[in-house]
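Report on the following structure.
The values are calculated or read from the model by the stated rules, or taken from the named source; none is laboratory data. What you see is a predicted model; the values in this text were computed from it and never measured. Note: ideal-geometry Cβ built from the backbone for every residue, glycine included; neighbour counts use all protein chains shown. Note: accessible area is taken over every heavy atom of the protein model, side chains too, but ligands, DNA and RNA are not part of it. Shrake-Rupley method; radii C 1.70, N 1.55, O 1.52, S 1.80 Å.
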Amino acid sequence: MTPGSPAEPSPRRRSTARHAAVLVGGAVFVLWAVATLTFIAIRLIPGDPAQAILGGPGSQASQEALDLVRQEYGLDQPLVVQYLAMLGRLITGDLGTSYALKVPVAELLAAQVGGTLLLAVLALASAWVLALGLSLWSTGRGRAAAAVGEGIELTAAALPHFWLAAVLIAVFSTGLGWFPPVSTGTPAGLVLPVMTLAVPLAGFLAQVMRESLLDALQQPFVVSARARGESTAGVRLRHTIRHAALPGISLSGWALGWLLSGAVVVETIFAMPGLGRTLLQAVTLRDIPVVVGVVLLVALVYVVMTVLTDLAARIADPRLRQEGAR
């Protein structure tokens with residue numbers, strides 16, 4: 001390099017730039033694909049969107065009124081034109097207006113997203129606590145503990161949300177009277193919905209964490225730590241728990257998206273306001289702008305969380321940064 005010439009970027013910086021470009025490109029593709037598939041799916045639902053706008057089949061709207069609505073909302077245009085118009089609005093950040101409620105979709109989602117995100121975040125945190133606790137308890141304590149832990153993990157991961165919700169309500173609400181069976185807007189009213197979402201996710205995360213913990217316990221740094229006189233608990237908490245948590249960190253973005261989709265069932269069962277109930281009502285009413293808005297918002301949260309968990313994994317594991325710099 002000649003004197004005065006600009007310094008070349010280091011391999012690590014070039015790798016970071018490439019990685020960021022891939023993440024951004026992937027995010028744009030995911031959002032486009034979600035919007036496209038949602039548009040196609042909602043159009044395949046039987047029924048007339050114009051009739052849904054005027055109040056549904058029971059409104060007995062005249063043909064003239066239906067034609068006016070189709071013209072106003074562009075429903076008389078070919079599907080390709082409607083699709084391109086939708087993409088154009090989304091690119092500018094315009095989510096449209098709800099057919100049923102006659103309010104901007106952005107305002108509707110802003111009023112509902114807080115409760116759903118709180119439910120999902122609390123469920124994710126609870127699932128992490130349960131998964132880490134189960135993994136630490138069942139790993140390296142003999143075959144009996146491993147078998148019990150594996151059985152609990154498989155059972156929890158296979159539990160359907162609607163069945164688990166019914167059991168939790170029957171036991172902790174109807175039977176013991178500890179928690180309300182529906183949302184009350186209080187912390188007590190969040191316990192059963194949060195656990196309904198957290199327990200199956202904890203079973204899945206625990207399976208992944210336990211394998212990583214077993215692998216970490218066989219690494220040379222564990223032998224060195226024990227040779228220095230550290231206790232078993234100290235070795236697990238200071239050294240191996242970080243390695244066990246890495247797969248969970250990588251999966252947290254997917255997990256939050258999975259929790260948001262599960263909120264449709266949970267919010268309906270526990271009569272909670274949020275995106276889940278809003279989406280269910282919008283699909284029933286063929287409220288296309290609301291359906292697209294909710295699904296895109298969930299996809300956006302998933303994309304953002306995926307990027308954040310990727311960065312967190314790179315911070316927690318220096319090997320990922322070193323591999324990217326090569």
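If you go through the range 247-290 and pick out every residue that is under 13 Å from the mean Cα position of the chain (by Cα), open to solvent by 40 Å² or more (accessible area, probe 1.4 Å) and either at pLDDT 75 or above or within 23 Å of residue 165 (Cα to Cα) (or both), you end up with 3.
Among the candidates 87, 68, which residue alone is open to solvent by less than 50 Å² (accessible area, probe 1.4 Å) and modelled with pLDDT of 80 or more?
87
Scanning the range 144-198 for residues being open to solvent by 70 Å² or more (accessible area, probe 1.4 Å) and either closer than 19 Å to residue 120 by Cα or in contact with a helix residue (DSSP H, G or I) (Cβ under 9 Å, 6 or more places away or on another chain) (or both) gives a total of 12.
Residues in the range 71-84 that are at pLDDT below 80 and either open to solvent by less than 70 Å² (accessible area, probe 1.4 Å) or under 22 Å from residue 36 (Cβ atoms) (or both): 73, 74, 75, 76, 77. Check whether at least one residue in the range 152-172 is of a type in the set (D, E, K, R), part of a helix (DSSP H, G or I) and closer than 30 Å to residue 288 by Cβ, and report yes or no. No, every residue in the range 152-172 fails to be of a type in the set (D, E, K, R), part of a helix (DSSP H, G or I) and closer than 30 Å to residue 288 by Cβ. Residues in the range 71-95 that are charged (D, E, K, R) and part of a helix (DSSP H, G or I) were compared, and the one that is nearest to the chain's Cα centre (by Cα) is 89.
Is it the case, given these coordinates, that residue 131 is of a type in the set (Gly, Ala, Ser), closer than 25 Å to residue 254 by Cα and open to solvent by 70 Å² or more (accessible area, probe 1.4 Å)? Judged against the criteria, residue 131 is not a match.
Checking the structure you have, find out if any residue of the range 96-106 is assigned to a helix (DSSP H, G or I), under 29 Å from residue 185 (Cβ atoms) and of a type outside the set (Ser, Thr, Tyr). Yes - at least one qualifying residue is present in the range 96-106.
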